[in-house]
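Peer 1: Supplied in structure tokens, the structure appears directly below.
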Amino acid sequence: MKIIVGFLRIFVGIFFIISGFIKLNDPIGFAFKLEEYFGPTVLDLPFFTPYALGISIVVVVFEVLLGVFLIIGYKKKFTLWSLLLMIVFFTFLTFYSAYFDKVKDCGCFGDAMKMDPWESFGKDVVLLVMILIIFAGQKYIKPFFSKFITTVIALLSFIACLGFAYHVLMHLPSIDFRPFKVGNNITEKMTIPEDAPQPVIEYTWTFKENGEDVQYVTNGSYPESSGTYVGVETDIIKEGYEPPIHDFSIEKDGENYTEDILSRPHVLLIINYNLAKAETEGLKTIKVLTDKAIENGYDVIGITATGPEEANTFKKEYNLNFDYYFCDETALKTIVRSNPGILKLEKGTIIQKKHWNDANEIELPKVERPEPEVIEEEISDSLYFIDESPSTKEEVDALDSETIESVNIVKDSLVTDEETGENKILNFVKVTLKEE
């Protein structure tokens, strides 16, 4: 028993240290996971949501410290009872999530290793058994060092955890386990290989035959039945391949610009998952950085999940010289744990990723913008209309932009000038003014 307890004491201690450290490396990511648990679809505890980050830090620091305390034999009864209560709580939580299918990824190991709730529940059950064995044989747990040295180690561990947590909050996680880490190409991470495994889906078809419901199970093909079709249900037997990045897009005014922006040679992405929650000092810092980037030839693209009207308000308030595009909030939270955060891209490859506190570390050497393509063999003519009334280019140019609702350019057919023989593209420029 002494040997078993001694082994489990070290094993469980190391396990808690590793599990806690991975989450301590990214407390904001763990806070996002806690917000999911506190949400209405899981535990429905919305009053805890504003405190998710604080709870996250307390939990992960405590988890690491319990692992250290168990190994060095510090405060034996307190440590064992704390371990037991913590593992009982998380065993219940993972079972609840798995049984009611509430959360797809438990977040036990952050982004380092994905575990579904049933896998996590199994892991927690094993840990619970181990901790109960240690609890039963606690008389064999003796400190490795003197009381003074043990206390010093415990105190230093606590200070180190708090210091590390503060560092990653003020900068970014020291180890990036996400697909948006420096060196990765976003386009490649979004691509599904041709030989990728396909999902296995089972189809259950229901037909009314001779007054009774008869079911046929297929892999997708329509069954042969002389009865009347009633309905079909699908069940995913095996998940297919899902690319590491599968929910990232850059959109504006209903158009998708993802491929265009990821193909550009020099891009600075400014990530604000929620502009209302953006840090004021961060936005001021971004203003200085982006002005320099634009001056040096970079395409600066803002990405947010905030609506366009609010985004334009922020743009004017902070005098930002770039436009905001739309992306899903969850995807933006995954990209960078900073609001605002900064990514420097070269044709979709992440060259640098920084917290706004480290904006001065972004390297912005002057680059040349590619010259726009010019079609020399064709000359373009345009007809101008303001609110359906014929107009001139000069009259359109003289309009105040604040009065314009929309501008539509409609390309017509290619025509040949009878006098010069030159090819011309006839365009219709239609300006619609805002209603007064």
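Coordinate-derived values only; no laboratory data. On a predicted model such as this, the values are computed, not experimentally measured, just so you know. Neighbour counts run over all protein chains shown; Cβ positions are idealised from the backbone, glycine included.
Peer 1: Note down the relative contact order for region 156-313 as a percent, whole number, built from C-alpha pairs under 8 angstrom at least six residues apart.
Peer 2: 18 percent
Peer 1: Ranked highest first by average number of other Cβ atoms within 10 Å, how do 177-190, 132-145 line up?
Peer 2: 177-190, 132-145
Peer 1: Tell me what the chain gives for mean residue ellipticity at 222 nm when only DSSP H runs of n ≥ 4 count, each as -39,500 (n - 2.57), the sum divided by the residue total, rounded to 500 deg cm²/dmol.
Peer 2: Helix-only estimate at 222 nm: -13000 deg cm²/dmol.
Peer 1: Under 8 Å for C-alpha pairs, at least 6 residues apart: give me the relative contact order for region 271-335, rounded to a whole percent.
Peer 2: It rounds to 42 percent for region 271-335.
Peer 1: Which net charge results for the neighbourhood of V42, defined as the other residues with beta-carbon distances under 9 angstrom from its beta-carbon, given Lys and Arg at +1 and Asp and Glu at -1?
Peer 2: -1
Peer 1: Quick one: of the DSSP bridges fully inside the chain, what percent are antiparallel, nearest 5?
Peer 2: Bridges in the chain are about 70 percent antiparallel.
Peer 1: Let me ask you something else. Label points 7 Å out from Cα along the Cβ direction at I201 and K292: separation in nm?
Peer 2: Distance between label points: 5.0 nm.
Peer 1: I want to verify the translational diffusion coefficient of the chain in µm²/s; compute it with Stokes-Einstein, Rh as the Kirkwood radius over Cα pairs, at 37 °C and 0.692 mPa s.
Peer 2: Here the translational diffusion coefficient equals 122 µm²/s.
Peer 1: Given a Förster distance of 41 Å, report the FRET efficiency between K147 and H167 from their Cβ-Cβ distance, rounded to the nearest 0.05.
Peer 2: Step by step, r from the Cβ atoms, then E = 0.85.
Peer 1: Given labels modelled 7 Å from the Cα in the Cβ direction, how far is it in nm from K181 to K284?
Peer 2: The answer from the label model is 3.5 nm.
Peer 1: Could you tell me which helices of the chain pass both thresholds, a Cα extent of 15 Å or more along their own axis and a mean Kyte-Doolittle hydropathy of at least 0.5, with helices taken as whole DSSP H runs?
Peer 2: Span-like helices here: 2-24, 52-72, 76-99, 117-136, 147-170.
Peer 1: With each label point set 7 Å from Cα along the Cα-Cβ vector, what nm distance links D253 and D400?
Peer 2: 2.1 nm
Peer 1: Please work out the FRET efficiency for the pair Y222 and E361, using the Cβ-Cβ distance as r and a Förster radius of 51 Å; give the result to the nearest 0.05.
Peer 2: 0.30
Peer 1: Continuing with the same structure: Take the residue pairs K104/K333; K284/K353; K181/K252; K33/K139 and return only those whose Cα atoms are more than 29 Å apart.
Peer 2: Pairs exceeding the cut-off: K33/K139.
Peer 1: Sorted by mean Cβ packing within 10 Å, highest first, what order do the peptides 250-257, 168-175 take?
Peer 2: 168-175, 250-257
Peer 1: If r is the Cβ-Cβ distance from I237 to L156 and R0 is 45 Å, what FRET efficiency results, to the nearest 0.05?
Peer 2: Computed FRET efficiency for I237 and L156 comes out at 0.30.
Peer 1: List every residue whose amide H lies under 5 Å from the amide H of K252, counting only residues 5 or more places away in sequence or on a different chain, with H placed 1.01 Å from N in the peptide plane.
Peer 2: HN-HN under 5 Å from K252: Y257, F326.
Peer 1: Sticking with this structure for a sec: What percent does the relative contact order of the chain come to when contacts are Cα pairs within less than 8 Å and at least six residues apart?
Peer 2: It comes to 12 percent, rounded to a whole number.
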